[in-house]
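What follows is a short report on a single structure.
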Amino acid sequence: MNNYKHILTESGSKLDKFKFDGELGAIYSKESTEFRLWSPIASCVKLRLFTTGSDAEAGASVIGTYEMTKNHQTGVWSYTVQGDLNGIYYTYLVSHPQMGERETGDIYAKAAGVNGNRSMVIDLDTTDPEGWDKDERILFDRPTDAIIWEVQVRDFSYCESSGVSKKHRGKFLAFTEKGTTLNCDGINPTCVDYLKELGINCVQINPFYDFGSIDEASDAEQYNWGYDPKNYNLPEGSFSTDPYKGDVRIRECKQMIQALHNAGIAVVMDVVYNHTYSGYGSWFDISVPGYYYRYNQDGFWSNGSGCGNDTASEHEMYRKFMIDSIMYWAKEYHLDGFRFDLMGLHDVVTMNGIRNALNTLPEGEKILMYGEAWDMFTACEPGTIMANQHNMHHLPDNVGAFCDNIRDAIKGSEFDQHSCGFVQNGSRRNDVFRGVRADTDFWARTPAQAVNYASCHDGRTMYDKLCLSVFRNNVQYNLRHENVIRMNKLAAAIMLTSQGIPFMVAGEEMARTKLGDHNSYKSASCINRIDWERTVKYKDLVDYYKGLIKLRKAFAPMRDNTTNSIQKGMWLFTENPTGVGYTLEGEVYGKTRKMLLLFNGATHTESFDLTSHGLEGWWDAVVDSENAGTDFLGEYSRVINVPATSAMLLVEQDKITP
Ligand code: CA
């Protein structure tokens, strides 16, 4: 059913008056479990209990069907079952005058059976791995201290070259394996050990809530990124070693997070509250038809997400659902941050509600929050202020947004496959300079609001995009192209030294290729997987990233979360049309010093004349076209010649006192 016009006369925001503040879902204790479902317009709701998560399993049977009681003031249906129900599966049969009786899982389910079709009652204490009570969040004093590496669970360890044991490849538990090396060579670290050497301090993990696009009951080769939520409050079954037992995926997901924390790495969860796997027939649709989604005037589903349905964060009970869901993950799974897919489809009241709720946790204001603040069309209620870049002033400094300006300025627009940016030909230098200032002259109030990136899971990989723009119609993605590697290094130097929060997709630092695939969300695993061989084949590139990360950690001014460093800095070299050069001042090696950051996107040498800008004395290079880090690479003064397609970063020498 695609048209909801007949239902909207009694649903939608009209039901906001029934807003219920209490707990919903299966409220478990060893003595009894109370089931609560909010549905003001249902004519009847029944609870069904099962022994298994599906009828295909041994011992499958219906335990019973029970009529629930409605509270007419709150619209909440409830029923209490005595006894210890841990591991019992359940659904609701919801009757609606115009939709008939339909069976649904619980939108608040914390556990579920295979494919998430039946919810499960869970005693969460039994899902904690050993040492979980000592597990602590990895939090940053400033969001700009985070250096984020974005990865998908399956991609991380799908390859045999990952050195991960066969049974854990592509699973949560791959993250728990220590001492993994390339093809088990005992030399070149992979997976979490590799990340520790690389130096990143935060991973953003693509969707790992339960999504609908993978058949968890099948052993066939399947792949999907997972931007199609089915059960928001429980992990995906295909990443677990047993999708049938509802507790296993929870425990193994916690083990993944624990292992990353033990490695000193924060975990940001990629959350997709803006749409669901299906609109019609989803748990939300069956529970309260017409309420949780946005519909156009004609009664058809709003589709700003491009995924067939937009949820309605401005409706009180979906807003509450989002806040409850985030708080559940933050508390139960000890998560360190959240990345909001298509945040521009949510409203600022909801995003502020989430922020304020997280802030109530110990050091909760340090939990990362950022998202895709694109300006999107959606059929929201009139007067709703959406969480897009134009409205960042409605959000606090610790809610950030991806910066598409610096992404496109660095390497050209993703939407025009042959387009070039600064690193290919020195073009768009004004946009790069805008980006190194964290777009604070535009939409971001402070650098803490700007997530700087040049590539992410969407679009082509950095290497593929650069190859395509350079070679156009004759691209050999599998080969190493030295000019492209130089461009990649320059891009990394800009991204990792700019004001803001640096972000890269996994493998950007090893010239990851998807052979030109620009939207691999359901492409084969062999296209999406990380090929760990590349850590050796492109070792120079990996080392360059490693050095830049080390540099960023050492040089505090790069991580300023205020605009102070930007205000002190200046755009120097206006006479260099294909270069970006600027100074940055702040504490370096225990002293206040100037740094000089010079980027040349042209295919010829650019000379930066320091003397014409009153920059005297000698400068120590720590980054050049080949090397990056904190080691001394040579001293310079007066005029600095930066070779084609490269960066140079220099630190002011100590003044010699006479
Ligand atoms: Ca699933």
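Quick notes on this one:
- Matching residues, segment 88-140, being within 22 Å of Ser278 (Cα to Cα), part of a loop (DSSP other than H, G, I, E, B) and of a type in the set (A, V, I, L, M, F, W, C): Met99, Ile107, Ala109, Ala111
- Checking each residue in segment 53-87 for being in a loop (DSSP other than H, G, I, E, B), among the charged types (D, E, K, R) and under 25 Å from Lys19 (Cα atoms) picks out no residue at all.
- Which listed residue, of Thr611, Thr535, Thr605, is of a type in the set (Ser, Thr, Tyr), touching a Lys or Arg at 6+ places or on another chain (Cβ under 8 Å) and open to solvent by 10 Å² or more (accessible area, probe 1.4 Å): Thr611
- Residue selected from segment 226-243 under the condition more than 20 Å from Lys166 (Cα to Cα) and away from the ligand (no atom under 11 Å from the Cβ), by the criterion most open to solvent (accessible area, probe 1.4 Å): Tyr227
- With respect to (1) buried (at least 24 other Cβ atoms within 10 Å of the Cβ); (2) more than 16 Å from the ligand (Cβ to nearest atom); (3) not β-branched (Val, Ile, Thr), the lone exception for Ser161 is condition (1).
- The single condition among (1) surrounded by 18 or more Cβ atoms within 10 Å (Cβ to Cβ); (2) within 21 Å of Asp55 (Cβ to Cβ) that Arg102 does not meet is (1).
- Selection status of Ala493, of a type in the set (Gly, Ala, Ser) and either within 30 Å of Thr440 (Cβ to Cβ) or open to solvent by less than 20 Å² (accessible area, probe 1.4 Å) (or both): yes
- No other residue among Val81, Val94, Val151, Val62 is open to solvent by less than 40 Å² (accessible area, probe 1.4 Å) and more than 35 Å from the chain's Cα centre (by Cα) apart from Val81.
- Restricted to helices (runs of 4 or more DSSP H) entirely inside segment 369-483, those with at least 3 residues that are farther than 20 Å from Ser498 by Cα and touching a helix residue (DSSP H, G or I) at 6+ places or on another chain (Cβ under 7 Å) are 462-471.
- Which numbered condition Tyr223 misses (of (1) open to solvent by 30 Å² or more (accessible area, probe 1.4 Å); (2) over 18 Å from the mean Cα position of the chain (by Cα); (3) under 29 Å from Thr535 (Cα atoms); (4) within 16 Å of the ligand (Cβ to nearest atom)): (1)
- Pairs with Cβ under 8 Å, 6+ apart, first in segment 397-414 and under 30 Å from Glu365 (Cβ atoms), second among the charged types (D, E, K, R) and open to solvent by 20 Å² or more (accessible area, probe 1.4 Å): Asp397/Arg445; Asn398/Glu365; Asn398/Lys366; Asn405/Asp431; Asn405/Arg434; Ile406/Asp431; Ile406/Arg434; Arg407/Glu414
- For segment 552-567, filtering for residues that are among the aliphatic types (A, V, I, L, M) and buried (at least 22 other Cβ atoms within 10 Å of the Cβ) leaves 1.
- Within segment 204-220, the residues that satisfy the criterion of being in a loop (DSSP other than H, G, I, E, B), within 11 Å of the ligand (Cβ to nearest atom), out of contact with any Cys (no Cβ under 9 Å at 6 or more places or on another chain) and not acidic (Asp, Glu) are Pro207, Gly212, Ser213, Ile214, Ala217.
- Hits in segment 198-220 (condition: open to solvent by less than 10 Å² (accessible area, probe 1.4 Å) and of a type in the set (D, E, K, R)): Asp210
- Inside segment 319-332, residues that are among the hydroxyl-bearing types (Ser, Thr, Tyr) and surrounded by 22 or more Cβ atoms within 10 Å (Cβ to Cβ) make up a count of 0.
- Looking only at residues of segment 577-599 that are at pLDDT below 85 and over 19 Å from Thr562 (Cα atoms), we find that the one that is surrounded by the fewest Cβ atoms within 10 Å (Cβ to Cβ) is Gly590.
- Residue that is farthest from the ligand (Cβ to nearest atom) [pool: residues in segment 244-259 that are closer than 27 Å to Met343 by Cβ and surrounded by 22 or more Cβ atoms within 10 Å (Cβ to Cβ)]: Ile257
- Filter pass, Glu381 being open to solvent by 10 Å² or more (accessible area, probe 1.4 Å), over 19 Å from Glu314 (Cβ atoms) and charged (D, E, K, R): no
- Scanning segment 133-147 for residues that are in contact (Cβ under 8 Å) with a residue 60 or more places away in the chain, open to solvent by 10 Å² or more (accessible area, probe 1.4 Å) and out of contact with any Gly (no Cβ under 7 Å at 6 or more places or on another chain) yields Asp135, Glu136, Arg137, Leu139, Phe140, Asp141, Arg142, Asp145.
The values are calculated or read from the model by the stated rules, or taken from the named source; none is laboratory data. Keep in mind the model is a prediction, meaning the values are calculated, not measured. Don't worry about glycine lacking a Cβ; one is built from the backbone with ideal geometry, like all the others, and counts go over all protein chains shown. Accessible surface areas use protein heavy atoms only, side chains included; no ligands, DNA or RNA. Shrake-Rupley method; radii C 1.70, N 1.55, O 1.52, S 1.80 Å.
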